[in-house]
Amino acid sequence: MYSESEIIIEFLNFITKMGDLHSLWFVEVSAKPVDEIIRKHNLDAEKDIWIFKTANSPFEAKRIYEYFTGFIGTDGVYSNNDNEPKNIFMFRKDRPITNNG
């Protein structure tokens, strides 16, 4: 598990490395991030570029989500139907991006 500040720094670095237009990114809090990436967002978990971390608590995960969607300007979804999720993930929403270019 990671602290709130560790996740924020890592996600910001990821945005900078992969394309820093904040509005192109999508952040979600989920109990099952890989399932959400594949089923809900129709991304390839092995080829598309995305990141996820587990926060220390559901409270921190929600604060991270609020930071990115409220302050940074990403899109996102927070679902409290997942029994207090602690996993937070982020991907680019503009087009599928693969590690192969």
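Quick note: the coordinates plus some simple rules give every number you see, no bench work behind them. Source: prediction; values computed, not measured.
Points worth noting:
- Amide proton proximity set for Gly76, modelled H, under 5 Å, gap of 5+: Val27
- For region 4-92, the convex hull drawn through the C-alpha positions has a volume of 82 cubic angstrom per residue.
- 3J(HN,Hα) from dihedral phi, region 25-38, Karplus parametrisation 6.51/-1.76/1.60, rounded to Hz, x for glycine, proline: 9, 10, 10, 9, 9, 7, 6, 10, x, 5, 4, 5, 4, 6
- Helix 4-18 axis, angle to the chain major axis (alpha carbon atoms, nearest 10°): 10
- Count of lysine pairs in the chain with Cα separation under 23 Å (8 or more residues apart, or interchain): 19
- The phi-based Karplus calculation (6.51 cos²θ - 1.76 cosθ + 1.60; θ = phi - 60°) puts the 3J(HN,Hα) values of region 46-60 at 9, 10, 6, 8, 7, 9, 8, 9, 9, 7, 5, 7, x, 4, 5 Hz, whole numbers, x for Gly and Pro.
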